[in-house]
Amino acid sequence: MKDKIKETSGTVKFVYSFALMDIKERMYIGYGTSFKSEKEAFEKALTIAKRIGIEVSSLRLDRYYSAEAYVEICHAQLGKAKMFIIPKSNIATLGVGEWSKMIYRFTQDTKGFLQEYFQRNQSESSISEDKKRTGWRFAQKREERIETAYGPTTAWHNLHWVGA
């Protein structure tokens, strides 16, 4: 998710945010924001989930994270979660380890793999709900304040789903 922030000079800055969600409960288990990259926001979200001690059994990521390095980062932070990532079309090597096992699962049962993968649409709809509920822009301009402002948005999201 990208949010635009207008600086005093008139230029627009993007705020990248990333949220990890428990698909069954539809609650966020980790989040992060960054002015630099979505990858940095992603790594912050993984760090929060690890610090809390959340056990992740499976993870679905979009094509941006379609590289063996991201699988390794996820396993280092969250343990041996089963990964569902659709590979990019320009893969040069399949590598070894979990990445190649995931590609093998994709080729052996493509329909089942895609059914699991497309459960990530729930997280996309949750982000849309959050934007409608709290707005599309962050009122803050400093990175640490944006991180603090995004926290209540995730808390509000989780409180909404606790009562559902």
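The numbers here are math on the coordinates, done by the rules we state, and not lab data. Remember, it's a predicted structure, so these values are computed and weren't measured experimentally. Neighbour counts are summed over all protein chains in view; Cβ atoms, including those assigned to glycine, are modelled from backbone coordinates with ideal geometry.
What is the magnitude of the charge dipole of region 37-129 about its Cα centre, with +1 placed on the Cβ of each Lys and Arg, -1 on the Cβ of each Asp and Glu, and no other charges, expressed in debye to the nearest 20?
Dipole magnitude for region 37-129 comes out near 180 debye.
Counting other Cβ atoms within 10 Å, which GluC sites (Glu not before Pro) in region 26-114 have at most 12 and lie in a DSSP loop?
Values: sites: Glu38, Glu40, Glu43, Glu55, Glu68, Glu72, Glu98; in loops: Glu55.
Here the sparse-neighbourhood loop sites are Glu55.
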